[in-house]
Amino acid sequence: MIKYFFRRLFTFVLSLALASIVIFSLVEIAPGDPASFMLGINAQPDTIAALRSELGLDQPKINRYFDWIGGMLTGDFGISYTYRTNVTEMVGDRLWVSLPLAIYALFLSTVIAIPTGIYAAAKRGKTGDFAVISATQLGIAIPNFWFAIILVGIFAIKLQWFSAGGFSGWKDGLFNGITSLTLPAIALALPQAAILSRVMRSALIETLGEDYIRTARAKGLSSSQTIWTHALRNALIPVLTIIGLQFSFLLAGAIIIEQVFYLPGLGRLVFQAITQRDLIVVESVVMLLVFAVILVNFIVDITYMLVDPRLRQDSI
């Protein structure tokens with residue numbers, strides 16, 4: 001168990017190091033000069049050179065890379081080129097929108113998908129199974145931004161149960177904050193729930209075909225007892241993988257939904273920073289999102305050991 005943990009920890013650190021190099025390189029080779037963009041097309045060359053020096057853009061790229069990494073390790077993400085404010089504060093403000101939204105959407109997705117997938121597997125080949133498969137196919141096929149617009153039209157404009165967009169903030173109370181994130185969370189959760197439900201169904205059906213399951217049934221256990229006592233735990237292994245990937249997607253890939261609902265989250269911040277050539281913001285936010293993705297995968301790998309005893313035996 002300890003050897004397995006440290007192997008995964010080494011992979012975690014190595015992945016972060018490689019990701020930082022790739023992110024910095026890709027952002028730096030992108031066309032366009034931030035100083036020229038900020039000053040406009042009529043700016044004089046000496047003015048542009050002075051601004052580049054002020055922003056540190058005239059330094060060698062290798063020096064800028066290590067300055068950036070060193071700052072991130074100490075919690076200093078640098079100063080935004082456009083807003084001239086601390087990137088750490090900007091990210092912190094936006095993170096309190098994107099992180100709760102991702103957790104909320106993942107919670108809804110999991111609560112919907114796992115019972116639905118178990119039900120479909122238990123009713124394999126029957127009407128209930130067919131209904132679940134049809135619903136999940138529809139959920140996968142519908143783009144989440146189109147579904148978001150439908151939700152706004154029904155629940156915000158017609159029924160007026162929720163606001164059409166914006167975020168009231170957590171200072172107005174937990175209930176108001178959750179209410180503001182409900183429609184975006186549903187729009188993100190349902191397509192992910194459709195995918196997770198199908199994975200849960202397939203994994204459980206495969207597990208139910210194993211020899212030890214047939215042995216349990218031969219000993220007199222009912223179908224429901226067999227599922228909940230023996231099959232479900234092993235079937236959760238691929239489901240955990242998908243849940244980890246979904247959380248990463250929900251945190252890093254909600255740009256369109258944040259645009260639809262006008263949410264001040266990380267996705268919207270990255271989109272604005274790209275259009276404004278605010279390189280330090282793009283690099284820092286993307287690196288933070290990559291860190292979240294790799295961290296979630298690391299946690300999922302460790303969780304495997306707790307779910308499946310066979311992995312603990314293999315790692316000894």
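Worth pointing out:
- The set of residues in the range 135-146 that are surrounded by fewer than 17 Cβ atoms within 10 Å (Cβ to Cβ) and in a helix (DSSP H, G or I) comprises Ala135, Gln137, Leu138, Ile140, Ala141, Phe145, Trp146.
- Being outside any helix (DSSP H, G or I) and assigned by TED's automatic domain parsing to the domain that holds Pro184 is not true of Leu245.
- Odd one out for Arg64 among (1) surrounded by fewer than 11 Cβ atoms within 10 Å (Cβ to Cβ); (2) in a helix (DSSP H, G or I); (3) not β-branched (Val, Ile, Thr): (1)
- Those residues of the range 44-53 which are assigned to a helix (DSSP H, G or I) and either at pLDDT 80 or above or surrounded by fewer than 12 Cβ atoms within 10 Å (Cβ to Cβ) (or both), in sequence order: Pro45, Asp46, Thr47, Ala49, Ala50, Ser53
- Every residue from the range 12-25 that is among the polar types (S, T, N, Q) and without any contact (Cβ under 8 Å) to a residue 60 or more places away in the chain: Ser25
- Being under 31 Å from the mean Cα position of the chain (by Cα) and surrounded by 13 or more Cβ atoms within 10 Å (Cβ to Cβ) is a description that does not apply to Asp58.
- Taken over the range 114-129, the criterion of being part of a helix (DSSP H, G or I) and either of a type outside the set (Ser, Thr, Tyr) or open to solvent by 60 Å² or more (accessible area, probe 1.4 Å) (or both) is satisfied by Ile114, Pro115, Gly117, Ile118, Tyr119, Ala120, Ala121, Ala122, Thr127, Gly128, Asp129.
- Subset of the range 218-252 that is in contact with a Leu (Cβ under 9 Å, 6 or more places away or on another chain) and free of Cβ contacts under 8 Å to residues at least 24 places away in the same chain - its residue that is least open to solvent (accessible area, probe 1.4 Å): Thr226
- Contacts under 9 angstrom Cβ, first residue in the range 67-85 being at positive phi, partner open to solvent by less than 30 Å² (accessible area, probe 1.4 Å), 6 or more apart: Gly78/Gly56; Gly78/Trp68; Gly78/Gly71; Gly78/Val87; Gly78/Ile280; Gly78/Val281; Gly78/Glu283; Gly78/Ser284
- Summed over the range 253-298, the residues that are assigned to a helix (DSSP H, G or I), in contact with a helix residue (DSSP H, G or I) (Cβ under 7 Å, 6 or more places away or on another chain) and either more than 20 Å from Ile149 (Cβ to Cβ) or open to solvent by less than 40 Å² (accessible area, probe 1.4 Å) (or both) give a count of 28.
- Which listed residue, of Phe12, Phe77, is under 30 Å from Val300 (Cα atoms), at pLDDT below 85, surrounded by 12 or more Cβ atoms within 10 Å (Cβ to Cβ) and not hydroxyl-bearing (Ser, Thr, Tyr): Phe77
- Condition met for Phe24 (assigned to a helix (DSSP H, G or I), open to solvent by 70 Å² or more (accessible area, probe 1.4 Å) and not polar (S, T, N, Q)): no
- Among the candidates Val111, Val132, Val91, the residue that is closer than 19 Å to Val270 by Cα and either assigned by TED's automatic domain parsing to the domain that holds Tyr262 or open to solvent by 60 Å² or more (accessible area, probe 1.4 Å) (or both) is uniquely Val91.
Per-residue answers, yes or no, for (1) under 17 Å from Leu108 (Cβ atoms); (2) open to solvent by less than 20 Å² (accessible area, probe 1.4 Å); (3) touching a strand residue (DSSP E or B) at 6+ places or on another chain (Cβ under 6 Å); (4) outside the structural domain of Gln246 (by TED's automatic domain parsing):
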| position | (1), (2), (3), (4) |
| --- | --- |
| Ile149 | no, no, no, no |
| Phe155 | yes, no, no, no |
| Phe162 | yes, no, no, no |
| Ile178 | yes, no, no, no |
| Pro184 | yes, yes, no, no |
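The values are calculated or read from the model by the stated rules, or taken from the named source; none is laboratory data. None of the values given here were measured: they were computed from a predicted structure. Here the Cβ is made from the backbone with ideal geometry for all residues, glycine too, and neighbour counts use every protein chain on show. The protein model used for the area step is the full one, side chains on, heavy atoms only, and it has no ligands, DNA or RNA in it. Shrake-Rupley method; radii C 1.70, N 1.55, O 1.52, S 1.80 Å.
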